[in-house]
Amino acid sequence: MRKWQSGRFDRRRIGRVYHRFTPAHAAESLNSIDLKALWDRGKRLLLLDVDNTLVQWHAHECSLTVLMWAKQAKSMGFDICIISNTNQLERLAKIAKSIGAETVRGRFKPSRSMYRLALIKFKRKPDEAIMIGDQLMTDVLGANRTGIEAIWVRRLEGKEFKGTSINRFMERMLTGAIYQALVTPVDEAPESIESERAKPIAQKTLVHQIIKFGIVGSTSFAIDYGITYVLMNIVPSSNGLLSHEVGLTLMKDFPSLFYWAKGPNEAAAPILGSVAAFVAMTNSFFWNRSWTFEVKGKAERTAQMRRFYMISVLGQLINVAVFSALYNIIGNHQLGIPKVVAACVGAVWNFSGQRFYAFRSKE
């Protein structure tokens with residue numbers, strides 16, 4: 001399974017085939033679940049899994065943290081029901097008594113049987129109950145099939161029943177898609193236009209973003225320039241410099257594409273420059289995402305990376321075109337001016353594209 005992530009899920013972000021396996025929320029532990037928020041949303045019945053949710057597998061006693069959490073839930077007015085298909089009735093009764101819960105036994109989850117029995121027992125509707133468990137393939141799937149929201153909690157450390165390994169394997173197959181539905185701070189409502197306009201110019205978000213973008217751009221430019229210089233002027237080959245050999249090969253094999261080049265170095269410049277630009281581009285993605293535009297979480301990272309590289313590849317083509325043209329005009333071994341001019345032209349394109357497209361908020 002991927003690294004655990006907590007938060008609220010929005011199923012509209014992913015395909016319908018994953019909806020039944022997607023919880024309403026993921027929590028680090030029982031203690032991190034906001035009981036007041038559940039109560040305010042009209043939840044009155046807490047349905048709980050046992051192994052690796054309340055207690056470790058084969059354990060007979062709940063931790064003090066779980067006992068305190070259950071006590072708080074009871075004091076707020078929640079009904080608590082453990083749903084389990086275990087044959088260890090004495091153990092189940094002991095755990096239930098310790099947290100003041102009722103129990104319902106029935107067919108294996110994700111069967112809807114136990115969920116329905118619990119609703120009948122407590123005279124609750126599906127939207128008044130919430131299931132809390134550590135397994136997608138049983139706890140979450142069973143709840144979703146019954147129309148009950150589910151909270152997926154991180155499983156307690158320790159051994160598990162060997163048969164559970166099959167469920168965990170299925171979870172690993174699903175979590176990549178399911179985490180795409182995880183809502184992160186990037187989707188929270190941005191500041192109002194009025195409050196942004198009221199800020200002094202030095203405090204405006206756009207100004208901060210431009211400054212940060214410039215700093216990131218400077219480091220990326222240094223990476224780009226350094227790698228290009230090394231590839232063009234230092235890296236050796238069997239017949240001299242790598243750039244000279246690459247350029248000769250390109251001019252020989254693709255004369256119609258490199259007819260404009262004055263010599264081998266000029267022909268090699270766009271190819272070797274592209275290698276350096278790609279490394280610098282990757283550096284820019286991580287720093288601009290996390291620092292310049294302050295995008296948090298991983299839910300949208302894949303889509304953002306796809307948009308970023310689309311913008312950046314076009315920016316790279318602009319950069320390489322300007323660099324190659326100026327390098328061809330100015331002459332051999334004159335990297336400074338072509339690189340600076342190309343970087344400035346590309347920076348305007350990249351900032352606009354990243355701010356308004358690659359890292360845009362959904363709002």
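The values are calculated or read from the model by the stated rules, or taken from the named source; none is laboratory data. None of these values were measured; they are calculated from a predicted model. We place every Cβ from the backbone using ideal geometry, glycine too, and count neighbours over all the protein chains shown. Note: areas computed on protein heavy atoms with side chains; ligands, DNA, RNA excluded. Shrake-Rupley method; radii C 1.70, N 1.55, O 1.52, S 1.80 Å.
Within the range 272-296, work out how many residues are closer than 14 Å to Tyr225 by Cα and β-branched (Val, Ile, Thr). So the count comes out to 2.
Name every residue in the range 227-250 that is touching a residue at least 40 places away in the same chain (Cβ under 8 Å) and either within 39 Å of the chain's Cα centre (by Cα) or more than 18 Å from Glu266 (Cβ to Cβ) (or both), in order of residue number. Quick ask: steps written out before the conclusion?
Keep residues of the range 227-250 that are touching a residue at least 40 places away in the same chain (Cβ under 8 Å), which gives 227-229, 231-233.
Passing the criteria: Ile227, Thr228, Tyr229, Leu231, Met232.
Screening Ala277 against (1) at pLDDT 85 or above; (2) part of a helix (DSSP H, G or I) leaves a single unmet condition, (1).
Assess whether Glu160 counts as being open to solvent by less than 80 Å² (accessible area, probe 1.4 Å), in a helix (DSSP H, G or I) and of a type in the set (D, E, K, R). No; evaluated as a whole, the condition is false for this residue.
Could you identify the single residue in Gly133, Gly106, Gly176 that is of a type outside the set (Val, Ile, Thr) and under 20 Å from Leu38 (Cα atoms)?
Working: Gly106 fails: under 20 Å from Leu38 (Cα atoms); Gly176 fails: under 20 Å from Leu38 (Cα atoms).
Answer to the selection: Gly133.
Only one entry of Met68, Met137 meets the criterion of being touching a residue at least 40 places away in the same chain (Cβ under 8 Å) and not β-branched (Val, Ile, Thr), and that entry is Met137.
Return yes when Ser113 is among the hydroxyl-bearing types (Ser, Thr, Tyr), more than 33 Å from the chain's Cα centre (by Cα) and more than 18 Å from Gly158 (Cβ to Cβ) and no when it is not. Step through it out loud before you land on a result.
Values: among the hydroxyl-bearing types (Ser, Thr, Tyr): yes; more than 33 Å from the chain's Cα centre (by Cα): yes; more than 18 Å from Gly158 (Cβ to Cβ): yes.
Criteria met by Ser113.
Which condition breaks for Ile215 when tested against (1) touching a residue at least 40 places away in the same chain (Cβ under 8 Å); (2) open to solvent by 80 Å² or more (accessible area, probe 1.4 Å); (3) within 21 Å of Ala342 (Cβ to Cβ); (4) within 36 Å of the chain's Cα centre (by Cα)? Only one criterion in (1) touching a residue at least 40 places away in the same chain (Cβ under 8 Å); (2) open to solvent by 80 Å² or more (accessible area, probe 1.4 Å); (3) within 21 Å of Ala342 (Cβ to Cβ); (4) within 36 Å of the chain's Cα centre (by Cα) is unmet by Ile215, namely (1). Residues in the range 28-38 that are open to solvent by 70 Å² or more (accessible area, probe 1.4 Å) and part of a helix (DSSP H, G or I): Asn31, Lys36.
Within the range 100-122, the set of residues being surrounded by fewer than 19 Cβ atoms within 10 Å (Cβ to Cβ) and either of a type in the set (S, T, N, Q) or within 13 Å of Ile80 (Cα to Cα) (or both) comprises Gly100, Glu102, Ser111, Ser113, Lys121, Phe122.
Of the set (1) closer than 19 Å to Arg172 by Cα; (2) in contact with a Lys or Arg (Cβ under 9 Å, 6 or more places away or on another chain), all apply to Gly15 but (2). Screening Ile330 against (1) farther than 15 Å from Asn265 by Cα; (2) at pLDDT below 85; (3) in contact with a helix residue (DSSP H, G or I) (Cβ under 9 Å, 6 or more places away or on another chain) leaves a single unmet condition, (1).
Of the residues making up the range 1-27, just one is within 20 Å of Thr164 (Cβ to Cβ), open to solvent by 60 Å² or more (accessible area, probe 1.4 Å) and modelled with pLDDT of 90 or more, namely Arg20.
Counting only residues that are open to solvent by 30 Å² or more (accessible area, probe 1.4 Å), part of a helix (DSSP H, G or I) and charged (D, E, K, R), the range 218-272 holds 3 of them.
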